[in-house]
Amino acid sequence: MKKRPGARVSTIRHMDRRCRVCGGELREFVDLGRQPTANGFLRPDETDGEYFFRLAAAACADCAMAQLVDEVPQERRYHGGYRYHASGSAGHRKHFEENALRLLETELAGPDPFVVEIGCNDGVMLSTIARAGVRHLGVEPSANVAELARAKGVEVLTEFFDERTAAGVRARHGAADVVFGANTICHIAHVASVFRGIDALLAPGGVFVFEEPYLGTVVERTAFDQIYDEHVFYFSVTSVRAMARRFGFELVDAERIPLHGGEIRYTLARPGARVPSPAVEELLAEERERGLSEPGTLDRFRGRVERIRDELVALLRDLRAQGRRVVGYGAPGKSTTVTNYCGIGPDLIPFVCDSTPSKQGHLVPGSHLPVRPPEAFADPYPDYAVLFAWNHADEIMAKERAFRESGGRWILYVPEVRIV
Ligand code: DWN
Ligand code: SAH
Ligand code: ZN
């Protein structure tokens, strides 16, 4: 039998690495094995010398921040060939347009407002701001997606955000009323530099708003495939409040949002500048009651992850033995984690379909499942499809209604392995 990279059962270990936020002791709670960079899609002739690292997550014993133990250098993750295009989903386009409109009506309603977005990607949010004629700047190191944003009329600086970049932006454009980030702040390992940059850039009454995957959702739904190289941190209200305080800010709002299966939008302000919303205390109490930061909770999470792996692999082997055709749907970053952790190769899933042109014709990193365009799905329909892009289930199942009508079935593995 082929050795599965994630088959080793990990135990809580006290690591040499310290917490990136407070320097506290890290306690490892899950090891997903040897993994490549999640968006490092390869051409079929590029598989030699593929990059791998150990994908393991830990929580800080002092400030509760969950984070990766080892990290992939940012230049290896974000560059001119970054594959994720945020505008690829209708649901995401709608969400970020609403976000922009809300900011325009509230924080950006004063005279000559200015907003900076860290990680604007293809301009999914800032294009609405640009259309409204409001001063803005995206800071986006991945040159290819930055170019897509510029084509939508968005101003973009092709740089990694840090204190140096922030000082330059402040000098050229003045103070920002809003610094925004979505699915980006948890990607940046140099957190102290980010906060020094925010401090330099933000107007005295300004806000730093960011929305990111929620540790509470990852644990509650056993969404272990949210763990990959890009997600350096797994925020909770408890850990974000501690981080804000440490770097001289106050957490004044926390709001649950449905994106990516369940995220939180955090609002930070300078201490005393805003009255905190009761939602902050409510969510903190909920996290305490659930024991979200406790080792036992994270240990039980690891047990469920191992069960999902075993059940998913057993199901796929069983279907193969019965001669059923199974393909994958969606090649999100998450599919890299799950296929590499479970040891799922083209022998179990011969290909996956994905609508992103730059992923098509390439291989899922590490597991090397070929990526084909969505048209390959119906040619002919398989018996089963593993929905790797499970966070887009409504959009995809509606689009692919004919698959189920033809007798096809979806396989889901979050929060548990099931056929629908
Ligand atoms: O944090 C991150 C978030 C914002 O996006 C990044 N680090 C990387 C990325 O995460 P992801 O790759 O897990 O994102 P998604 O949105 O779950 O990716 C969905 C994938 O499914 C895309 O490759 C597009 C594809 N798709 C499709 O083929 N047909 C999506 C939809 C909606 C569809 O109808
Ligand atoms: N905001 C979009 C895109 C998220 S993908 C959304 O929510 O869908 C994460 C983005 O962050 C990528 O485009 C990546 O290039 C960018 N990024 C990563 N590190 C960054 C940094 N240090 N500064 C600014 N952007 C960064
Ligand atoms: Zn810490």
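Quick one: which of V305, V338, V313 is of a type outside the set (D, E) and more than 20 Å from R54 (Cβ to Cβ)?
Values: V305 fails: more than 20 Å from R54 (Cβ to Cβ); V338 fails: more than 20 Å from R54 (Cβ to Cβ).
The unique qualifying residue is V313.
So that you can scan it fast, the table gives a plain yes or no per residue for (1) surrounded by fewer than 21 Cβ atoms within 10 Å (Cβ to Cβ); (2) in the same structural domain as H392 (by TED's automatic domain parsing); (3) of a type outside the set (A, V, I, L, M, F, W, C):
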{"residue": "R317", "(1), (2), (3)": "yes, yes, yes"}
{"residue": "Q322", "(1), (2), (3)": "yes, yes, yes"}
{"residue": "G328", "(1), (2), (3)": "no, yes, yes"}
{"residue": "T336", "(1), (2), (3)": "no, yes, yes"}
{"residue": "G345", "(1), (2), (3)": "yes, yes, yes"}
{"residue": "V352", "(1), (2), (3)": "no, yes, no"}
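Is it the case that A223 is small (G, A, S), touching a Lys or Arg at 6+ places or on another chain (Cβ under 7 Å) and under 28 Å from R17 (Cβ atoms)? Answer is no for this residue. On the stretch given as the range 229-255, residues that are away from ligand 2 (no atom under 16 Å from the Cβ) and in a strand (DSSP E or B) total 5.
Whenever a residue of the range 173-190 is at positive phi, its partners that are among the small types (G, A, S), lying with C-beta atoms within less than 9 angstrom and at least six residues away or across chains, give the pairs G174/A203; N183/A86; N183/G119.
Run down E282, E311, E289, E263 and say which single residue is under 23 Å from the mean Cα position of the chain (by Cα) and at negative phi. Of E282, E311, E289, E263, the one residue that is under 23 Å from the mean Cα position of the chain (by Cα) and at negative phi is E263.
Filtered by the rule that a residue be surrounded by 22 or more Cβ atoms within 10 Å (Cβ to Cβ) and either within 16 Å of ligand 3 (Cβ to nearest atom) or over 17 Å from G366 (Cα atoms) (or both), the range 38-77 gives A57, A58, A59, C60, A64, M65, A66, Q67, L68. Has the range 262-270 got at least one residue that is of a type in the set (D, E, K, R) and assigned to a loop (DSSP other than H, G, I, E, B)? Within the range 262-270, one or more residues are of a type in the set (D, E, K, R) and assigned to a loop (DSSP other than H, G, I, E, B). Residues of the range 333-356 that are closer than 27 Å to D31 by Cβ and in contact (Cβ under 8 Å) with a residue 60 or more places away in the chain: G333, K334, S335, T336, T337, V338, N340, Y341, C342, G343, G345. The set of residues in the range 50-67 being within 16 Å of ligand 1 (Cβ to nearest atom) and either among the aliphatic types (A, V, I, L, M) or at pLDDT below 95 (or both) consists of L55, A57, A66.
The values are calculated or read from the model by the stated rules, or taken from the named source; none is laboratory data. If you're wondering where the values come from, they're calculated on a predicted model, not measured in any experiment. All Cβ positions, even for glycine, are placed from backbone atoms using ideal geometry, and neighbour counts span all protein chains on display.
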